[in-house]
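Colleague: Structure below; questions to follow.
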Amino acid sequence: MDSEDVIMETGSRELTQNPLRKIWIPYKNGLPEKHTFQRRVCMTNCPTLIVTVGLPARGKTYISKKLTRYLNWIGVPTKEFNVGQYRREFLKIYKSFEFFRADNEEGLKIRRQCALSALNDVRQFLTVGGGQVAVFDATNTTRERRGTIVKFAEQNGFKVFFVESVCEDPEVIAANIVQVKLGSPDYINCNTEEAVEDFMKRIECYETSYQPLDEVLDRDLSYIKVMDVGRRYLVNRVLDHIQSRIVYYLMNIHITPRSIYLCRHGESDLNIKGRIGGDSGLSARGKDFGKCLGKFIEEQNIKDLKVWTSQMKRTIQTAEVLGVPYEQWKVLNEIDAGVCEEMMYEEIQESFPLEFALRDQDKYRYRYPKGESYEDLVQRLEPVIMELERQENVLVICHQAVMRCLLAYFLDKGAGCKVESVCLSVDADLTGSLVSITGNANIMGRIHLKVTTSFSLLSEMNPDLNSNFCSAL
Amino acid sequence: MEADGGCRHGLVSLTVGGPAEQKELTQTPLLKIWVPWMGSSLNRRRGSSVPQFTNSPTMIVMVGLPARGKTYISKKLTRYLNWIGVPTRVFNVGQYRREAVQTYKNFEFFRADNEEAMAIRKACAAAALKDVAAYFTKEQGQVAVFFVESMCDDPDIIAENIQQVKLGSPDYVDRDTEEAMRDFIQRIKCYEATYVPIDDERDRKLSYIKIFNVGSRYLVNRVQDHIQSRIVYYLMNIHVTPRSIYLSRHGESELNLLGRIGGDSGLSPRGQRYAKALAGFIEGQNISNLKVWTSHMKRTIQTAEALGVQYEQWKALNEIDAGVCEELTYEEIQENFPEEFALRDQDKYRYRYPKGESYEDMVHRLEPVIMELERQENVLVVCHQAVMRCLLAYFLNKPAGDLPYLRCPLHTVLKLTPVAYGCKVETFFLNIEAVNTHRERPTNVDISRKPEDALQTVPDHI
């Protein structure tokens with residue numbers, strides 16, 4: 001190494017901090033260079049195709065939807081493609097299980113066409129549609145069909161990861177059918193008994209030709225086999241980061257019925273003054289909310305309720321009133337407003353008008369100077385979501401921005417409208433409100449939301465609020 | 001009421017009668033955690049940014065023939081769990097046997113029909129279990145058992161194992177390579193006849209993970225709780241492909257020169273020279289498929305820019321947030337926050353800056369970085385002093401007490417190469433002068449100490 005003074009050759013590349021995201025990016029000749037990456041969750045340069053495998057009523061669509069929701073929330077553009085949907089759009093009317101008979105040439109042709117049509121849309125999404133992961137949701141029960149998909153993926157440079165759900169527990173299957181299939185458009189004109197009978201015969205059509213993923217024959221494929229709703233997993237050849245995250249997620253979810261309760265801390269002293277952030281204590285009304293909350297929780301008679309708070313005084317004070325054990329998570333702390341901490345919006349407008357405007361431009365990606373963005377929040381909240389999936393009944397006492405991020409995960413709002421729609425329908429109303437999310441696992445992962453405001457915490461729901469939420473669903 | 005997070009006086013007078021007053025919350029001075037001043041049992045987890053979900057102790061039991069990586073996995077897993085804050089210890093029965101028998105003769109000791117040896121081996125296992133029970137000081141609650149079985153039928157992998165770890169074992173200290181190899185293979189044979197792997201049918205009630213051929217396939221059964229889920233995730237992300245991890249700080253920064261901590265300044269002229277030197281060094285190392293990671297702070301990015309290769313920015317690699325002390329010199333911290341300064345010297349690992357972070361918080365923030373480092377192969381991480389200390393402590397198995405005082409000087413690259421059960425470290429100082437930013441623990445850490453005592457170990461600056 002010579003000891004002469006060296007002129008920084010990167011002088012041709014100037015580092016400038018992007019004003020919105022506060023990210024340092026090299027600029028060359030006044031234009032941002034594309035050579036640097038922000039840490040993106042999905043480190044694969046090639047897109048991934050997740051392919052479900054399994055007999056009907058094994059939870060493939062449940063897994064597809066849930067996985068899609070999770071991946072989108074953590075910032076990986078994902079979309080599911082349900083071949084059954086394509087079939088319904090093509091056929092319009094479902095007559096009976098006969099359509100699925102293995103010897104129904106016409107049926108087979110249509111089903112194959114639908115699969116190909118779906119794969120075509122997959123290709124669109126992953127090449128030009130900005131997608132990173134596509135979930136191909138169908139039975140895919142034969143090796144032949146899976147071979148076609150693998151070839152398709154190879155031709156297009158996609159990685160393939162299979163998710164197979166195997167279950168022989170007749171109770172689980174029956175529950176699935178009752179909860180999900182009976183409400184399907186296919187059975188809209190049937191009574192319960194007819195529908196169940198037809199569906200059982202439908203399953204039979206697949207059973208004889210079903211070739212589960214085999215440890216030996218399929219040893220070169222990448223897959224996870226989920227057995228008995230998560231009692232056991234077989235994982236083969238995980239290739240990259242995103243597949244590893246998918247496996248971890250699938251191994252943490254469960255379908256035991258439970259409820260998640262989300263609320264903000266009670267009104268704080270800084271809330272009253274219209275100042276953001278900080279670490280103030282509860283106002284008198286805030287303490288009242290705590291008491292209301294305590295009473296409400298007691299009356300709900302929740303089994304084994306876990307209570308989580310942030311490490312900020314106001315959430316802890318709220319939890320203290322409940323008189324039950326609680327756990328403090330630093331990652332549940334409110335968004336760090338950096339230089340704007342403890343300021344009023346008017347003061348921010350006065351001192352940092354540019355910042356104020358940038359925030360309105362893209363509230364999700366906007367990072368406070370020396371602070372955080374909603375995007376940063378999502379990343380730091382991921383372990384909370386993972387643990388919420390593992391747990392059963394949980395009450396999370398947190399903060400406005402944090403609650404929006406958590407709600408967005410459960411409501412499956414895309415990053416862009418994540419804040420907006422929640423903002424519009426819920427903003428002012430989140431103060432002193434408790435949102436309870438009942439994951440009724442068997443209903444396609446749909447979530448039942450109940451919003452109760454503090455001033456009516458003891459009984460009824462505010463119907464207007466509820467309809468706002470339902471439309472947001 | 002004293003706001004010191006504890007009861008100074010022996011007796012406390014309570015307000016009696018009427019509705020119970022909500023207890024006042026006070027913030028513990030070191031950890032900056034809000035607790036009800038009477039020390040409520042409601043808040044189970046005092047300290048630490050992440051709740052500990054391990055309420056019941058867990059015993060991880062390794063299963064497998066010799067040379068299947070059981071000790072490798074045990075040590076690595078233990079290192080990881082300790083780093084994330086779950087106190088963990090390895091109990092290696094082979095160690096007990098070596099202490100009991102003193103001299104190892106040959107594989108005959110392990111023959112299934114060697115009754116005397118069998119008795120010794122059983123006694124060793126019993127002794128180890130007894131120590132395990134003693135290690136679990138909490139008597140209440142059950143101990144959760146989680147089995148980790150390593151299965152491998154690839155003769156190349158097994159031979160490689162034997163080369164790397166067995167030949168250097170105390171058992172073979174006086175043998176030549178071929179003799180040792182032959183003996184060890186015989187040793188494996190002694191076990192093979194009686195080996196009953198975990199059976200997916202008969203053992204279906206047990207919680208376990210089976211690892212096949214160093215991770216190409218896994219079978220996971222009945223994960224019971226959070227810690228087992230984390231263990232499974234970790235085991236599924238580690239690999240044994242040879243590779244090196246390079247750790248370096250950013251080049252010297254403008255604020256470094258002024259002795260100021262934190263901030264987001266750019267490189268000084270010497271720092272810029274370091275960046276160029278780093279580029280030269282990396283090129284000279286001839287690394288295949290090197291990934292380069294930086295933080296979101298200007299100084300690490302400027303350093304990476306000089307390399308002329310793609311790099312990724314991780315917010316998680318940002319320097320420790322010094323909160324109200326950001327951009328201050330140590331002298332200014334002593335002047336404005338003498339109590340904070342003393343508390344930090346008392347317990348530097350757990351100490352959280354007001355409105356900032358602690359080393360303990362950083363470990364949790366860096367966990368995804370460690371996980372991804374485990375997945376990756378050759379990586380250069382350009383980061384910061386406190387960050388580098390946390391990462392280094394993970395790789396070198398340094399306890400929390402030592403972590404904040406690990407030496408990570410500027411303009412020095414550390415090359416970590418996994419070897420046998422640990423990590424080889426090579427240090428490369430790239431010969432470009434820089435300020436020293438390492439502050440040793442002063443002798444006097446009392447809150448009432450004099451300023452000169454506090455500033456005794458502050459390194460020189462402008």
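The values are calculated or read from the model by the stated rules, or taken from the named source; none is laboratory data. None of these values were measured; they are calculated from a predicted model. Glycine gets a Cβ as well: all are built from the backbone with ideal geometry, and neighbour counts include every protein chain shown. Remember, those area values only see protein heavy atoms, side chains included, never the ligands or the DNA or RNA. Shrake-Rupley method; radii C 1.70, N 1.55, O 1.52, S 1.80 Å.
Colleague: Considering only protein heavy atoms and a probe of 1.4 Å, how much of the accessible area of the protein assembly as shown is carbon and sulfur, as a whole percent?
Modeller: Ligands and nucleic acids excluded, carbon and sulfur give 51 percent.
Colleague: I need the P(r) histogram for the stretch B:176-315: all alpha carbon pairs, bin width 5 Å from 0 out to the longest distance, whole percents.
Modeller: Bins of 5 Å from zero give 2, 8, 11, 11, 10, 9, 9, 9, 8, 8, 7, 5, 2, 0 percent of pairs.
Colleague: How are the C-alpha pair distances of the stretch A:257-319 spread across 5 Å bins, as whole percents from the shortest bin up?
Modeller: 4, 17, 27, 23, 14, 8, 5, 1, 0
Colleague: Work out the mean other chain Cβ neighbour count within 10 Å for the residues of B:301-308 and drop it here as an integer.
Modeller: Across B:301-308, the average partner-chain Cβ count within 10 Å equals 5.
Colleague: Under the Karplus relation 6.51 cos²θ - 1.76 cosθ + 1.60, θ = phi - 60°, what is the ordered set of whole-Hz ³J(HN,Hα) values for the stretch A:328-337, x standing for Gly and Pro?
Modeller: For the stretch A:328-337, the Karplus curve yields 9, 10, 5, 5, 8, 4, 5, 4, 7, 8 Hz.
Colleague: Shielding of B:111-121 by partners, i.e. mean partner chain Cβ atoms within 10 Å per residue?
Modeller: Other-chain Cβ atoms within 10 Å of each residue's Cβ, averaged: 0.
Colleague: I'd like the interface area for chains B and A: accessible area of each alone minus the complex, both sides summed, 1.4 Å probe, protein heavy atoms only. What is it in Å² to the nearest 100?
Modeller: 5900
Colleague: Taking a point 7 angstrom from the Cα of B:Asp156 along the C-beta vector, which residues in the stretch B:226-256 have backbone N less than 20 Å away?
Modeller: B:239-244
Colleague: Output the 0 to 90 degree angle, nearest 10, between the alpha-carbon long axis of helix B:115-135 and the longest principal axis computed from the alpha carbons of chain B.
Modeller: 20
Colleague: How large are Rg and Dmax for chain B when calculated on the C-alpha trace, in angstrom?
Modeller: For chain B, the Cα radius of gyration and maximum Cα-Cα distance read 26.0, 83 Å.
Colleague: Using r as the Cβ-Cβ distance of B:Ala134 and A:Leu91, and R0 as 51 Å, what FRET efficiency do you calculate, to the nearest 0.05?
Modeller: According to the calculation, E is roughly 0.15.
Colleague: Related question: As a quick test, which of the pairs A:Lys303/B:Lys205; A:Lys159/A:Lys225; A:Lys201/A:Lys225 have an alpha carbon distance above 21 angstrom in this structure?
Modeller: With Cα atoms farther than 21 Å apart: A:Lys303/B:Lys205; A:Lys201/A:Lys225.
Colleague: I would also like to ask the following. Collect residues whose amide H, placed 1.01 Å from N in the peptide plane, falls under 5 Å from the amide H of B:Leu380; neighbours closer than 5 in sequence don't count.
Modeller: Result for B:Leu380 returns B:Tyr246, B:Lys291, B:Val292, B:Trp293.
Colleague: Taking the Cα centre of chain B as origin, work out the dipole magnitude from +1 charges on Lys and Arg Cβ and -1 charges on Asp and Glu Cβ, in debye rounded to 20.
Modeller: The calculated dipole for chain B is roughly 800 debye.
Colleague: Between A:Gln328 and residues 5 or more places away or on another chain, which pairs have amide H atoms under 5 Å apart, with H built 1.01 Å from N, and which residues are they?
Modeller: A:Thr309, B:Arg45
Colleague: What translational diffusion coefficient, to the nearest whole µm²/s, does the stretch A:140-181 have by Stokes-Einstein, given a Kirkwood radius computed over alpha-carbon pairs, a temperature of 20 °C and 1.002 mPa s viscosity?
Modeller: Reported coefficient: 169 µm²/s.
Colleague: Right, another one. Cα atoms only, the protein assembly as shown: Rg and Dmax in Å?
Modeller: Final numbers for Rg and Dmax: 29.8, 92 Å.
Colleague: What are the principal axis extents of the Cα atoms in the stretch A:53-103, in Å, biggest first?
Modeller: Over the stretch A:53-103, Cα extents along the principal axes are 42, 22, 14 Å.
Colleague: Just to check I understand the Karplus step: with θ = phi - 60° and J = 6.51 cos²θ - 1.76 cosθ + 1.60, what whole-Hz values come out for the stretch A:99-107, glycine and proline as x?
Modeller: 4, 8, 4, 5, 9, 8, 4, 4, x
Colleague: Can you tell me which of B:409-418, A:214-223 comes out highest on packing, and rank the rest after it, using the mean Cβ neighbours within 10 Å?
Modeller: Output ranking for B:409-418, A:214-223: B:409-418, A:214-223.
Colleague: Sticking with this one: In the stretch B:188-237, what residues drop by 40 Å² or more in accessible surface going from the chain by itself to the full protein assembly, probe 1.4 Å?
Modeller: B:Ser216, B:Arg217, B:Tyr218, B:Leu219, B:Val220, B:Arg222, B:His226, B:Ser229, B:Tyr233, B:Met236
Colleague: Would you list, by chain and number, the lysines whose Cα falls below 23 Å from the Cα of A:Lys313, excluding same-chain residues fewer than 8 positions away?
Modeller: Straight-distance partners of A:Lys313: A:Lys273, A:Lys287, A:Lys291, A:Lys295, A:Lys330, A:Lys370, B:Lys23, B:Lys32, B:Lys355.
Colleague: Related question: How are the alpha carbon pair distances in the stretch A:234-290 distributed across 10 Å bins from zero to the largest one, expressed in percent?
Modeller: Reading upward from the zero bin: 18, 25, 13, 22, 17, 5.
Colleague: Using θ = phi - 60° and the Karplus form 6.51 cos²θ - 1.76 cosθ + 1.60, what ³J(HN,Hα) does each residue of the stretch A:153-159 get, whole Hz, x for Gly and Pro?
Modeller: 5, 4, 4, 9, x, 9, 8
Colleague: Show the residues, 5+ positions off or on another chain, whose built amide H is closer than 5 Å to the amide H of B:Met62.
Modeller: B:Val148
Colleague: Please identify the GluC sites (Glu not before Pro) of the stretch B:169-277 that satisfy two criteria: DSSP loop assignment and at most 12 other Cβ atoms within 10 Å. Which are they?
Modeller: Answer by residue number: B:Glu201.
Colleague: Let me know the volume per residue of the alpha-carbon convex hull for the stretch A:182-224, in Å³.
Modeller: Considering the Cα atoms of the stretch A:182-224, their hull volume per residue is 106 Å³.
Colleague: Then there's this: Would you work out which of A:Val216, B:Gln285, B:Val240 lies farthest towards the positive end of the dipole of the protein assembly as shown, given +1 charges on the beta-carbon of Lys and Arg and -1 on that of Asp and Glu, about the Cα centre?
Modeller: With unit charges placed on the Cβ atoms, the residue in question is A:Val216.
Colleague: Could you sort the peptides B:67-75, B:419-427 by per-residue average Cβ neighbour count (10 Å cutoff), highest mean leading?
Modeller: Descending mean neighbour count gives B:67-75, B:419-427.
Colleague: How much length would be gained if the chain were fully extended between A:Gln211 and A:Val178, taking 0.36 nm per residue of separation minus their Cα-Cα distance, in nm to one decimal?
Modeller: Taking 0.36 nm per residue and subtracting the Cα distance, the gain is 9.3 nm.
Colleague: List the relative contact order of chain B as a percent without decimals, with contacts defined as Cα pairs under 8 Å and 6+ residues apart.
Modeller: 16
Colleague: Quick check: Cα centre of the stretch B:327-361 to Cα centre of the stretch B:436-462, how many Å?
Modeller: Spelled out, the Cα-based centre of one part sits 12 Å from the other.
Colleague: I would also like to ask the following. Normalising by the residue count of the stretch B:365-440, find the relative contact order in percent from Cα pairs under 8 Å and 6+ residues apart.
Modeller: Relative contact order for the stretch B:365-440 comes out at 23 percent.
Colleague: Still on this structure, I have one more. Give the span of the stretch A:93-225's Cα atoms along each principal axis, as three whole-Å numbers ordered largest to smallest.
Modeller: Principal axes ranked by extent give 46, 33, 29 Å for the Cα atoms.
Colleague: What does the convex hull of the Cα atoms come to per residue for the stretch B:277-405, in Å³?
Modeller: Taking only Cα atoms, the stretch B:277-405 has a hull volume of 116 Å³ per residue.
Colleague: With r as the distance between the Cβ atoms of B:Ala420 and B:Thr457 and R0 = 41 Å, compute the FRET efficiency 1/(1 + (r/R0)^6) and round to 0.05.
Modeller: 0.70
Colleague: Work out, step by step, the length gained on full extension between B:Asn92 and B:Asn286: first 0.36 nm times the residue separation, then minus their alpha carbon distance; give nm to one decimal.
Modeller: Gain on extension, B:Asn92 to B:Asn286, equals 66.0 nm.
Colleague: Based on alpha-carbon centroids, what's the gap between the stretch B:270-326 and the stretch A:139-189 in Å, whole number please?
Modeller: 45
Colleague: Could you calculate the contour length gain from A:Ala102 to A:Leu31, that is, 0.36 nm times the residue separation minus the distance between their Cα atoms, to one decimal place in nm?
Modeller: 19.7 nm
Colleague: With every protein chain kept in place and ligands, DNA and RNA left out, what is the accessible area per residue of the stretch A:139-229? Probe 1.4 Å, answer in Å².
Modeller: 52
Colleague: I need the Debye-formula profile for the stretch A:168-269: one equal scatterer per C-alpha, no solvent, reported as log10 I(q)/I(0) at q = 0.15, 0.20, 0.22 1/Å, two decimals.
Modeller: Log-scaled intensity ratios, in q order: -0.90, -1.13, -1.19.
Colleague: Within 10 Å of each Cβ of A:241-249, how many other protein chain Cβ atoms are there on average?
Modeller: Mean partner-chain Cβ count within 10 Å for A:241-249: 3.
Colleague: By its C-alpha gyration tensor, with a ≥ b ≥ c as the square roots of the eigenvalues, how is the stretch B:374-450 shaped: rounded for a/c under 1.5, else prolate for a/b larger than b/c, else oblate?
Modeller: In terms of gyration-tensor shape, oblate.
Colleague: Here is a follow-up. Per residue, how large is the accessible surface of the stretch B:64-103? Use a 1.4 angstrom probe and give square angstrom.
Modeller: 45
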